[in-house]
Amino acid sequence: MQVIRTVAAMQDLRKTLPEESIGFVPTMGYLHAGHASLVARARLENACTVVSIFVNPTQFGPNEDFANYPRDEERDLELLETNNVDFVFMPSALDIYGAEKNTAVVHLNTVADTLEGAKRPGHFDGVCTVVAKLFNIVRPKQAYFGQKDAQQLAVIKKMVRDLNFAVKIIPCPTRRDPDGLAMSSRNVYLSPSDRATALLISRGLGAAKALWQEGQRDSALLVDRVRQEMAHGNFAGIDYVELVNGEDFAKMTEALPGAIIVVAAKVGQTRLIDNMVLE
Ligand code: AMP
């Protein structure tokens with residue numbers, strides 16, 4: 001496994017790689033089994049796998065946890081080595097954005113304006129801009145994104161379509177701990193009692209899905225089912241529980257197959273998101 005720390009070195013390396021078969025997994029590090037599942041899939045489907053680790057400052061709001069975002073380079077590199085990754089790209093923010101303010105920003109309307117986009121203004125501009133940059137630098141054939149960040153996945157798919165990036169976006173299922181909690185780098189912040197509250201999110205989503213499987217299609221009732229479960233916990237705040245379509249994240253009144261129930265809530269200082277696809 002080779003670690004590449006500059007944009008220039010990554011671009012030079014890219015010229016030597018086979019054109020047809022490069023799988024790419026962009027991450028912010030502090031890796032867990034969810035990230036490893038994306039890596040495993042990329043390894044399976046490509047001759048060569050590039051993983052990036054970059055805690056992207058521009059996707060964090062002024063009052064968010066950029067400075068405190070968990071980081072552990074040594075552990076991440078060990079995990080990637082164990083998973084037989086070929087190349088790890090770990091650029092600095094200065095190298096990615098340059099010394100002057102980056103004035104080119106990728107902004108998407110609609111799908112990026114609701115829910116996460118509304119609660120975290122500028123978040124998807126940061127995500128789209130950095131992913132566009134990474135795609136231009138790494139020039140992958142296929143890129144792997146988790147369903148855990150369902151709206152991000154929809155935003156990236158739309159960006160790729162709208163801007164004609166020559167990359168195929170591969171969605172990967174959400175990996176959960178045995179108790180049901182969706183794996184996340186931020187889970188490390190949760191105390192045992194926070195975790196008990198956090199678990200109610202996946203429990204609520206599971207209960208709503210069971211109702212849907214029994215034939216319930218009224219989105220208000222399905223959303224209520226999630227909220228009922230979450231009411232047993234000690235959330236610092238619930239940003240949203242909504243039932244939306246997976247394309248543009250518009251709210252739906254009827255829960256048709258493919259609809260997604262999305263949740264964002266704060267437990268202590270930690271903001272968690274999760275979702276359940278109804279299929
Ligand atoms: P992050 O490092 O949190 O930015 O995540 C990097 C990639 O891993 C994104 O595509 C995420 O959607 C994906 N990911 C994060 N958590 C999970 C999970 N529990 N299961 C599957 N993919 C995940």
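The values are calculated or read from the model by the stated rules, or taken from the named source; none is laboratory data. Since the structure is predicted, the reported quantities are computational estimates derived from the model, not experimental observations. Every residue, glycine as well, gets a Cβ built from its backbone with ideal geometry; the counts of neighbours run over all protein chains shown. In case anyone asks, the SASA skips ligands and DNA or RNA and just uses the protein heavy atoms, side chains included. Shrake-Rupley method; radii C 1.70, N 1.55, O 1.52, S 1.80 Å.
Count of the stretch 118-137 residues, restricted to those that are under 20 Å from VAL241 (Cβ atoms) and either out of contact with any helix residue (DSSP H, G or I) (no Cβ under 6 Å at 6 or more places or on another chain) or within 9 Å of the ligand (Cβ to nearest atom) (or both), is 3. Of the strands (runs of 3 or more DSSP E) lying entirely inside the stretch 163-279, those containing at least 2 residues that are within 22 Å of ARG41 (Cβ to Cβ) and aliphatic (A, V, I, L, M) span 168-172, 270-277. Looking at the structure I just gave you, is ARG195 at pLDDT 95 or above, near the ligand (Cβ under 10 Å from one of its atoms), out of contact with any strand residue (DSSP E or B) (no Cβ under 7 Å at 6 or more places or on another chain) and closer than 24 Å to HIS32 by Cβ? When the stated conditions are applied, ARG195 does not pass them. Inspection of the stretch 145-156 identifies no residue that is away from the ligand (no atom under 14 Å from the Cβ) and open to solvent by 20 Å² or more (accessible area, probe 1.4 Å).
Residue-level check: of (1) out of contact with any Lys or Arg (no Cβ under 7 Å at 6 or more places or on another chain); (2) under 30 Å from ASN245 (Cα atoms); (3) surrounded by fewer than 21 Cβ atoms within 10 Å (Cβ to Cβ), PRO140 misses just (3). In the set (1) open to solvent by 50 Å² or more (accessible area, probe 1.4 Å); (2) modelled with pLDDT under 95, the condition left unmet by ALA250 is number (1).
Among the residues of the stretch 5-36, the one identified as out of contact with any Ser or Thr (no Cβ under 9 Å at 6 or more places or on another chain) and within 16 Å of the ligand (Cβ to nearest atom) is ALA33. With a requirement of 3 or more residues that are aliphatic (A, V, I, L, M) and without any contact (Cβ under 8 Å) to a residue 60 or more places away in the chain, none of the helices (runs of 4 or more DSSP H) lying completely within the stretch 90-142 satisfies it.
Of all the listed residues (ASN68, ASN63), the sole one being away from the ligand (no atom under 13 Å from the Cβ), at pLDDT below 95, out of contact with any helix residue (DSSP H, G or I) (no Cβ under 9 Å at 6 or more places or on another chain) and open to solvent by 50 Å² or more (accessible area, probe 1.4 Å) is ASN63. Per the conditions (1) open to solvent by 20 Å² or more (accessible area, probe 1.4 Å); (2) among the small types (Gly, Ala, Ser); (3) in a strand (DSSP E or B), the sole criterion not satisfied by ALA8 is (3). Scanning the stretch 37-60 for residues that are within 11 Å of the ligand (Cβ to nearest atom), in contact with a strand residue (DSSP E or B) (Cβ under 8 Å, 6 or more places away or on another chain) and either outside any helix (DSSP H, G or I) or open to solvent by 10 Å² or more (accessible area, probe 1.4 Å) (or both) yields a total of 7.
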